[in-house]
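Where a number appears in this text, it was derived from the coordinates with a stated rule and is not lab data. Just so it is clear, the model here is predicted, and its values are computed rather than measured. Counting neighbours? That spans all protein chains shown, and the Cβs are built from the backbone with ideal geometry, glycine included.
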Amino acid sequence: MIRWIVTDLDGTLVGRDLAMVPASRKALGRFLAAGGRVVFATGRMERSALPYYRELGLDGPAILYNGARTVDLGTGAVVRSRCLPADAWKALLDVFDGMPDGVFPVAFSGGLAHAVDDVPELREYARRDGIELLDPGSWAALPADEVTKCMLIGGPLPQVHVAGTATVLSEATYLEILPQGVSKGAALRALAEAEGVALSEIAAVGDNPNDLDMIEAAGLGVAVGDGHPAVRAVADAVVSACSDGAVADVVELALSRFST
């Protein structure tokens, strides 16, 4: 039996219009009514994921910041949290000073998003995610041991090699810099173990490389039909494009292939 469906948001459940694809939203409602649990696994922060969480009437934890934080969005309780090592953050300040033209950093700390550049690329990112970017005055003003993750937005994106960190593409123009060992898959494994749910009872669906290890961890790993080729290559199943109801397909697949 599939007890959980774990879904990415952007490009998977949420379309380019920033709304949940109606067919997918309706199908998840059926899954919830049947007693299943829906868990978000997203690069978004709390404020950005919360409207979708409320729209579905969810309760319980959501995997946020690409796995760096797991938060019960209903209560605000932080279930699990990882931050960049202080030395890594200090090294990243040097990286930020050498950013190529057209690439701009964002840093997340204490549930808030920060940027020192006021440029169209970052304003569009903030609009898309429904968040506010706060100017800390200087990057050094953020507590060195309380940075959840960083992003580089724009292009062409540079390669970043800083000890104690890992990088992953969440969009073609979004490079995420995470604490080493942090991923959606690691967060999913920890959450499933804490709640006594076997990974074989979980279906996970996504579209971009930041979803790879989550899809590989789940008993039923599913790729969105118009997702990244690397994701489609490792998935147990490939479903429709996001706008055609990818997550609705996952619900049907879970119910048809796994019976109680």
State, as an integer percentage, the relative contact order of the chain based on alpha-carbon contacts under 8 Å between residues 6 or more apart. 23
Semi-axes, largest first, in whole Å: what does sqrt of 5 times each Cα gyration tensor eigenvalue give for the chain? 31, 18, 17
Cα centre as origin, Lys/Arg/Asp/Glu Cβ charges: the stretch 1-158 dipole, Debye: 1020
Could you identify which residue out of K184, K149, K90 has the top mean-square fluctuation in a GNM of the chain using Cα springs shorter than 10 Å? K90
Rank the residues T173, T12, T75 as a footprinting-exposure proxy: fewest other Cβ atoms within 10 Å of their Cβ go first. T75, T173, T12
Can you tell me which aspartates and glutamates have their Cα less than 18 Å from the Cα of K26? Leave out same-chain residues fewer than eight positions away. D8, D10, D17, E55, D59, D244, D249, E252
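Grab the beta carbon distance between L18 and A190, set R0 = 35 Å, and tell me the FRET efficiency rounded to 0.05.
The calculated FRET efficiency here is 0.75.
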If I take R0 = 25 Å and measure r between the Cβ atoms of E124 and D97 in this structure, what FRET efficiency does the formula 1/(1 + (r/R0)^6) give, to the nearest 0.05? 0.60
Divide by every residue of the chain the summed helix terms, -39500 (n - 2.57) for each DSSP H run of at least 4, and state the resulting mean residue ellipticity at 222 nm, rounded to the nearest 500 deg cm²/dmol. -9000 deg cm²/dmol
Amide N of the stretch 64-95 lying under 18 Å from the label point, which is placed 7 angstrom from the Cα of A144 along Cα→Cβ: 83-95
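By how many nm would the segment from D226 to S256 grow when fully extended, if each residue of separation counts as 0.36 nm and the alpha-carbon distance is taken off?
Between D226 and S256, full extension yields 8.5 nm more.
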Cβ charges +1 (Lys, Arg) and -1 (Asp, Glu), total dipole of the stretch 80-211, debye: 280
